[in-house]
Amino acid sequence: MPRTRITIGSALAGALLLSGCGAEVDSDSKAAGAPDKVTVKRCGEPVAYKTPRRAVVYEGGSADKMFSLGLTEHVHGYVMPPANPPVSESPWASEYAKVKMLSDDLLNKELVVEAKSDFVVAGWNSGFSDQRGITPKILDKLGIQSFMHTESCFNYPGHPQKVTPFKALYSDLERLGKIFRVEKKADDVVDGLKKRVAAVESKAPEKDPVPVFLYDSGTDQPFTAGSQVPPNDIIKSAGGRNIFDGLDERWTQVNWEAVAKAEPEVIIIFDYGDKPAAKKIDFLKKSPHTKELPAVKKNNFFVLDYNEGISGPRNIDGLEKFGKYLRDLKR
């Protein structure tokens, strides 16, 4: 995960497609005799869920998934740490306005209990944390249901699950759709996202994939994206190649020698609240480790918004923007 964690265009179209209008509960779920609980996997663990009424969501990706499915009325509130860009910039800004902001810090057990939440959505090691004392097992004992982003299940103890990032996004939407009995809405949203991905892939440059380095943070050693996080799929679907796609990791630390050896032609700057993109670009232009890289010498920087890089529907907004960037790139 990023240690804490700019462009606007096709996001509007995506927002219209994935609007947060209220989703109708499937008619078969309303029928007499419908089961009180539905079994859905939480990472690799089957869990029986009651339909939640007071969800607490952590970070933009969790909130976006709920809002895109029309589940605003089931969301009690959100926790948005400083790294997350302002919710006013979200395609679902109007939905955020309908629910409570519970904290601008990290997720914790006390907050969830105080909110009388019956459902918490977050990622493993990004929201849920052994160190901070809030895990699905702890919440289970308190009678509070929880849901984890499939993308983060890669290293979840006991019940890991390894799925490519875009497939993990689709899986989350389908699983949430099942939990909240809005399967048809979830299918429609996922179909729309898949069509948008296919459209970008169909227009990807036919030349050899552009070598791309994602720079999250770090001066002595860079923090970057391995193969198990959304930017890897964004880069691949747009027609590029993540220079660290061979690392079977999520967000991870590498060394500058490996970056230099890969000779990236494009650098994606991961932009978030307390580490603005402009400062990162300035560092890369001045650092002896990076100032001679092809991407730096050609000023080939692409800024990826935080919520386009963590698991959520806005991944596809980021893909569309990066796809256009690569198509326009002069090599």
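The values are calculated or read from the model by the stated rules, or taken from the named source; none is laboratory data. All values reported here derive from a predicted model rather than from experimental measurement. Ideal geometry is used to build each Cβ from the backbone, glycine not excepted, and the neighbour counts take in all protein chains shown.
Some points to look at:
- Only one of LYS291, LYS285, LYS261 that is assigned to a loop (DSSP other than H, G, I, E, B) and either surrounded by fewer than 17 Cβ atoms within 10 Å (Cβ to Cβ) or in the same structural domain as VAL87 (by TED's automatic domain parsing) (or both): LYS291
Per-residue answers, yes or no, for (1) on the phi < 0 side of the Ramachandran plot; (2) among the hydrophobic types (A, V, I, L, M, F, W, C); (3) over 16 Å from the mean Cα position of the chain (by Cα):
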site: VAL212; (1), (2), (3): yes, yes, yes
site: GLY226; (1), (2), (3): yes, no, no
site: ALA238; (1), (2), (3): yes, yes, yes
site: ASN242; (1), (2), (3): yes, no, yes
site: GLY246; (1), (2), (3): yes, no, yes
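- Checking ILE138 against (1) modelled with pLDDT under 95; (2) in contact with a helix residue (DSSP H, G or I) (Cβ under 8 Å, 6 or more places away or on another chain); (3) surrounded by fewer than 16 Cβ atoms within 10 Å (Cβ to Cβ), the condition it does not meet: (1)
- For first residues located in the range 181-195 and crowded, with 19+ Cβ neighbours inside 10 Å, partners that are of a type in the set (Val, Ile, Thr) and lie 6+ apart or on another chain with Cβ distances below 7 Å form the pairs ARG181/VAL25; ARG181/THR51; VAL182/VAL25; LEU193/ILE316.
- Summed over the range 214-258, residues that are buried (at least 21 other Cβ atoms within 10 Å of the Cβ) and not small (Gly, Ala, Ser) total 19.
- Of the helices (runs of 4 or more DSSP H) lying entirely inside the range 164-258, those carrying at least 2 residues that are under 30 Å from ARG54 (Cβ atoms) are 165-179, 183-202.
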